1. How many residues, within the range 1-22, are without any contact (Cβ under 8 Å) to a residue 40 or more places away in the chain, open to solvent by 20 Å² or more (accessible area, probe 1.4 Å) and touching a Leu at 6+ places or on another chain (Cβ under 8 Å)?
2. In the range 290-326, which residues are more than 28 Å from residue 154 (Cβ to Cβ) and over 19 Å from the mean Cα position of the chain (by Cα)?
3. Would you confirm whether any residue within the range 307-315 is out of contact with any Lys or Arg (no Cβ under 6 Å at 6 or more places or on another chain), near ligand 2 (Cβ under 10 Å from one of its atoms) and part of a helix (DSSP H, G or I)?
4. May I ask you to list the residues in the range 314-338 that are among the charged types (D, E, K, R) and open to solvent by 50 Å² or more (accessible area, probe 1.4 Å)?
5. Which residue pairs have Cβ atoms closer than 6 Å, lie 6 or more positions apart in sequence or on different chains, and pair a first residue in the range 214-232 that is within 16 Å of ligand 2 (Cβ to nearest atom) with a second residue that is open to solvent by less than 10 Å² (accessible area, probe 1.4 Å)?
6. Does any residue of the range 330-339 turn out to be farther than 19 Å from residue 42 by Cβ and either in contact (Cβ under 8 Å) with a residue 12 or more places away in the chain or within 13 Å of ligand 2 (Cβ to nearest atom) (or both)?
7. For residues that are under 17 Å from the mean Cα position of the chain (by Cα) and small (Gly, Ala, Ser), scanning just the range 237-266, find the one that is nearest to ligand 2 (Cβ to nearest atom).
Amino acid sequence: MKRLIDKLYDSNNLSSDELLLLLNNMDEESKKYLHMKANETRLHIYNDKVYMRGLIEFTNYCKNNCRYCGIRRDNKNASRYRLSKEEILDCCKEGYRLGYRTYVLQGGEDAYYTDDKIVDIVSSIKASFEDVAVTLSIGEKSYESYKKYFDAGADRYLLRHETNSRELYDSLHPDMSYDNRIKCLHDLKDIGYQIGAGFMIGLPNQTNEDFVRDLTFLKKLQPHMVGIGPFIPQSDTPLADEKAGTVEKTCILLSFIRLLLPEVLLPATTALGSINNKGREQGLKAGANVVMPNLSPTSVRDKYALYDGKICTGDEAAQCRNCIENRIKMAGYEVDMSRGDHISLQNK
Ligand code: 5AD
Ligand code: FES
């Protein structure tokens, strides 16, 4: 296995068979070696910096019905909310004061926010704050809509592909099309966004063969960012009684992604921090180099409940910034508050 990890480290590539062989044979020693090589790669490209993004979860209305997700349209127990443009700008203002220079606007697919509204919100943020990046994460839209947001100043777009196995995708996403999701990612890239794809780990019936498909898909797509995290059951969804993904498997996949795409921006996600108190720290040590603290108003944070047990929603929420910064430093990394563009776009 060590020989295969060296090959992955040296060439930033492996065949599907080799990836599968590695995934199927990850003993303790190989894991340690894999994480070490991934960490070495991130240090080489991005140093010990961890880039900070302020996350604003601005609506939990959603027209989709993804079987894993707590804000799916059929969840009648979800308490729905929307933030106004002014509330969103207030979150950015507070974030700016704290030093954040990237805002990630994430929400369900909510028709209330028409293209005109999104354009207005994006352009207002860009006009109000100097040298900030705006990232959108609002799901599948037409090429024309994506283009409008881009022309209004949106810099980046996150759209996880969720899984690159068509059958698994179809079983989890009623009324959605796998092909359209992939088309959206290509449209976003064509338009000029820095794009983020990604997937969940530990979905029911997900196999190592599925992960190999995700990894080879990402290698081909060459996204600037990749967001991955464990699946965590949410009690009001059809998958309520399923098992969650693990920190161990998530960290193995983080390391694979770092080695396959050395320059990628790779978050240690909130979901990873939610299944284990030290999850995000372990993610950083496995090659992740981004953290996305929550800037949403504390009054709505527990309502954006994609899964159970989400951290940063209770009394501690106001302290997130200190908490996460200390954690990053304690793990041996340096907090970087700059825009944190992909390395190919820095210093331009
Ligand atoms: N567990 C973990 N992640 C989830 N997401 C949605 N529901 C869950 C869940 N139950 C992830 C999806 C989505 C992102 C915003 O959150 O991957 O793209
Ligand atoms: Fe939010 Fe620690 S990062 S409480």
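1. 4
2. If the condition is that a residue be more than 28 Å from residue 154 (Cβ to Cβ) and over 19 Å from the mean Cα position of the chain (by Cα), then 314, 315, 316, 318, 319, 322, 323, 326 are the ones that fit.
3. yes
4. Hits for the range 314-338 are 315, 316, 321, 327, 329, 334.
5. Listed pairs, sorted by first residue: 229/272.
6. Within the range 330-339, the first condition is being farther than 19 Å from residue 42 by Cβ, and the residues that meet it are none.
No: the range 330-339 contains no residue that is farther than 19 Å from residue 42 by Cβ and either in contact (Cβ under 8 Å) with a residue 12 or more places away in the chain or within 13 Å of ligand 2 (Cβ to nearest atom) (or both).
7. Looking at residues that are under 17 Å from the mean Cα position of the chain (by Cα) and small (Gly, Ala, Ser), I get 245.
Per-residue answers, yes or no, for (1) more than 13 Å from ligand 1 (Cβ to nearest atom); (2) of a type in the set (Gly, Ala, Ser); (3) crowded, with 21+ Cβ neighbours inside 10 Å:
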| residue | (1), (2), (3) |
| --- | --- |
| 24 | yes, no, no |
| 47 | yes, no, no |
| 50 | yes, no, yes |
| 74 | yes, no, no |
| 79 | yes, yes, no |
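The values are calculated or read from the model by the stated rules, or taken from the named source; none is laboratory data. Values in this document were obtained by computation on a predicted structure and should not be read as measured data. Don't worry about glycine lacking a Cβ; one is built from the backbone with ideal geometry, like all the others, and counts go over all protein chains shown. Accessible surface areas use protein heavy atoms only, side chains included; no ligands, DNA or RNA. Shrake-Rupley method; radii C 1.70, N 1.55, O 1.52, S 1.80 Å.
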